[in-house]
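Working notes for the structure below.
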Amino acid sequence: MLLPNPAISPASSDNFQPDAAKQALRKQIRQQVRQARQQLNAEAQNQAAKALVQQAQLLPELQHAQHIALYMSNDGELDTAPLLLYLQQQGKTLYLPVLHPFTPGYLLFQRYNAQTPMHLNQFGIREPKPDVTAIMLPVQLDVIFMPLVAFDAQGQRLGMGGGFYDRTLSALPKTSQKPLLVGLAHQCQQVETVPTEPWDVPLPLVLTPEQLWDFR
Ligand SMILES: Nc1ncnc2c1ncn2[C@@H]1O[C@H](COP(=O)(O)OP(=O)(O)OP(=O)(O)O)[C@@H](O)[C@H]1O
Ligand SMILES: [Mg+2]
């Protein structure tokens, strides 16, 4: 691909951003937003997690969904525990991401219930112990709730920087209704614009404790 040479681009070509500048901006947004959410106190986190369950109940696609992937929160992320409990009570079949044991950088979605043996993965996040009989392909899932660091007004998503969700979901057809990707975030994680890369998988929906953002 031919990129414009910054030395000869007109100063007004404002959508041109050298890659290094874009990476620096992505890094800066990650730092700022992670810091903001880490500063939420336990009471605020508690309220947010409960409010999220209320918001989730307003999502019709969730009522009709059976196979739903969630994740275990860390780093000041919105606590998914009350949502997980609610979905279990609704009789949904739940899945958690596990780091792919043979293909670095990819996730597998593994069935999870209260009896599932768990361990800490290399990032210190609780995940089910590998069990090949409990793996579900992303296309077989109805809804995938996704963590994120920042989202913008177009539903663009910035994660922690590992590219795990981007890689794992890259093979999904763009127009497919299934699985429905739903980002979960505190409202303080919304930014004006996420500088995107071609591999970033956008979010049709983002659920915050305050509202449902529909970017479809
Ligand atoms: N589909 C893909 N194939 C190969 N490499 C990829 C793919 N998607 C992302 N990557 C690589 O992963 C790295 C991190 O990507 P990115 O900064 O978008 O992570 P992220 O979206 O913050 O993370 P995550 O997806 O885990 O939430 C990039 O260097 C990129 O090259
Ligand atoms: Mg990305």
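The values are calculated or read from the model by the stated rules, or taken from the named source; none is laboratory data. Treat the numbers as computed from the prediction; the structure is a model and nothing was measured. Here the Cβ is made from the backbone with ideal geometry for all residues, glycine too, and neighbour counts use every protein chain on show.
Considering the range 159-173 alone, what residues qualify as being part of a loop (DSSP other than H, G, I, E, B) and within 13 Å of ligand 1 (Cβ to nearest atom)?
Initial filter on the range 159-173 (part of a loop (DSSP other than H, G, I, E, B)): 159-163, 170-173.
Matches in the range 159-173: Gly159, Met160, Gly161, Gly162, Gly163, Ser170, Ala171, Leu172.
May I ask you to verify whether Ala48 is part of a helix (DSSP H, G or I) and at pLDDT below 95?
no
May I ask you to list pairs of residues, at least six apart or on different chains, whose Cβ atoms are under 9 Å apart, with the first in the range 194-211 being touching a residue at least 12 places away in the same chain (Cβ under 8 Å) and within 11 Å of ligand 2 (Cβ to nearest atom) and the second being hydroxyl-bearing (Ser, Thr, Tyr) and in a loop (DSSP other than H, G, I, E, B)?
Within 9 Å, the pairs are Trp199/Ser170; Val201/Ser170; Pro202/Thr196.
Just need a number here: residues in the range 174-202 that are assigned to a loop (DSSP other than H, G, I, E, B) and away from ligand 1 (no atom under 11 Å from the Cβ).
Final tally of qualifying residues: 11.
Could you please give the count of residues in the range 91-108 that are surrounded by fewer than 19 Cβ atoms within 10 Å (Cβ to Cβ) and within 16 Å of ligand 2 (Cβ to nearest atom)?
Residues that pass the stated criteria total 2.
Say whether the condition of being more than 11 Å from ligand 2 (Cβ to nearest atom), at pLDDT 95 or above and within 20 Å of Ile68 (Cα to Cα) is met by at least one residue in the range 171-179. Don't jump to the end; show me each part of the working.
We begin by selecting, within the range 171-179, every residue more than 11 Å from ligand 2 (Cβ to nearest atom); these are 171-179.
Right, trim to at pLDDT 95 or above and you get 179.
Restricting the remaining residues to those that are within 20 Å of Ile68 (Cα to Cα) gives 179.
Yes, because at least one residue in the range 171-179 is more than 11 Å from ligand 2 (Cβ to nearest atom), at pLDDT 95 or above and within 20 Å of Ile68 (Cα to Cα).
List the strands (runs of 3 or more DSSP E) inside the range 67-158, counting only whole elements, that have at least 1 residues being without any contact (Cβ under 8 Å) to a residue 40 or more places away in the chain.
93-99, 107-112, 118-120, 126-128
Tell me yes or no: at least one residue of the range 126-148 is of a type in the set (Gly, Ala, Ser) and under 28 Å from Ala48 (Cα atoms).
No, there is no match, as no residue in the range 126-148 is of a type in the set (Gly, Ala, Ser) and under 28 Å from Ala48 (Cα atoms).
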